[in-house]
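Heads up, the thing below is written out as structure tokens.
The values are calculated or read from the model by the stated rules, or taken from the named source; none is laboratory data. If you're wondering where the values come from, they're calculated on a predicted model, not measured in any experiment. Cβ placement follows ideal geometry from the backbone for every residue including glycine, while neighbour counts extend to all protein chains displayed.
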Amino acid sequence: MDHNASLSAPPRLTRQAVLLGLAGLGTAGAAFVLRRPLMMSAPRCVAGRWHGCFDTFNGVVLMTLVALPLAFLVVWALARLRRAAGVTSAWRKSLAEVGMVHGTVPFLWMTMMPGGGAGTVPPRVSLVPLRDLVTMGPGGIVGNLLVFAALGFFAPMRFTALASLPRILALGAGCSALVETAQYVLRLDRVSSVDDVLVNAVGAVLAALASRHWWRATAQAPSDRPRPASASASASASAG
């Protein structure tokens, strides 16, 4: 009997429970703080109206919260399939994959919403670092920090190659630069700012720091690939 494996299982389950609990508390706190503006969009979202729901920040946030039970169901289904296939860390991988998508796509949707002069106003670019931070305000800075926070939090947990802060910084900056370029090319009546790239990248790094315990454990874990039969046979022969 492997006593080390049996002793490591409860702490692993505890960490997963803590992670899910923190995510639930954070979501509940955000919903409580934003309950009034979210309820303004609720009637139109319930009616399935595009205008007033999916083209507003409040409507997108509301639908993101409403879709949380579905996201947890997808995590459960993926984890069950992986455990049946004998994949290790099934819950962590499934949670990381769904978390990256569910926590990033809504923010990308909001950043790509066209302004009132989309298609007619010439595209604008701001390449002077730190100049736009003053005009962002606290709400704008917090929003930009959250755009790729889920990506920075979950990506190193899922992909060992991304389990380092410099790589997460590069990932956040690269993704943000693509978004700013798309805003410019599509003429969405938005300012493509280097400060957005900087704040988005910092948000990804801060989120990665918050999940560092889990992704460092992922980086130190042995490979999940099954060993070839010949290698197993030779290993058992040498042991005998």
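Here is a yes/no grid of residues against (1) under 14 Å from the mean Cα position of the chain (by Cα); (2) crowded, with 19+ Cβ neighbours inside 10 Å; (3) in contact (Cβ under 8 Å) with a residue 12 or more places away in the chain; (4) not in a helix (DSSP H, G or I):
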position: 108; (1), (2), (3), (4): yes, no, yes, no
position: 135; (1), (2), (3), (4): no, no, no, no
position: 144; (1), (2), (3), (4): yes, yes, yes, no
position: 168; (1), (2), (3), (4): yes, yes, yes, no
position: 177; (1), (2), (3), (4): no, no, yes, no
position: 195; (1), (2), (3), (4): no, yes, yes, no
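Residue by residue through the range 166-199, note down the ones that are within 20 Å of residue 135 (Cα to Cα) and of a type in the set (Ser, Thr, Tyr). Once the filter is applied, which keeps residues that are within 20 Å of residue 135 (Cα to Cα) and of a type in the set (Ser, Thr, Tyr), the range 166-199 yields 176, 184, 192, 193.
Of all residues being out of contact with any helix residue (DSSP H, G or I) (no Cβ under 9 Å at 6 or more places or on another chain) and modelled with pLDDT under 85 in the range 182-222, which is farthest from residue 136 (Cα to Cα)? Just the residue, please. Out of the qualifying residues, it is 222. The condition of being part of a helix (DSSP H, G or I), under 19 Å from residue 153 (Cβ atoms), modelled with pLDDT of 85 or more and hydrophobic (A, V, I, L, M, F, W, C) holds for residue 74.
Can you pull out every residue in the range 110-124 that is surrounded by 13 or more Cβ atoms within 10 Å (Cβ to Cβ) and β-branched (Val, Ile, Thr)? Correct list: 111, 121. Residue 124 fulfils the conditions (1) out of contact with any strand residue (DSSP E or B) (no Cβ under 9 Å at 6 or more places or on another chain); (2) modelled with pLDDT of 90 or more; (3) not hydrophobic (A, V, I, L, M, F, W, C) except for a single criterion, (1).
If you go through the range 179-193 and keep only what is surrounded by 18 or more Cβ atoms within 10 Å (Cβ to Cβ) and assigned to a helix (DSSP H, G or I), you end up with 179, 180, 183.
Please pick out the residue among 44, 49, 83 that is over 23 Å from residue 150 (Cβ atoms) and in contact with a Cys (Cβ under 7 Å, 6 or more places away or on another chain). Selected residue: 44, the only one of 44, 49, 83 that is over 23 Å from residue 150 (Cβ atoms) and in contact with a Cys (Cβ under 7 Å, 6 or more places away or on another chain).
Of the residues making up the range 69-79, none is surrounded by 15 or more Cβ atoms within 10 Å (Cβ to Cβ), under 18 Å from the mean Cα position of the chain (by Cα) and within 23 Å of residue 194 (Cα to Cα).
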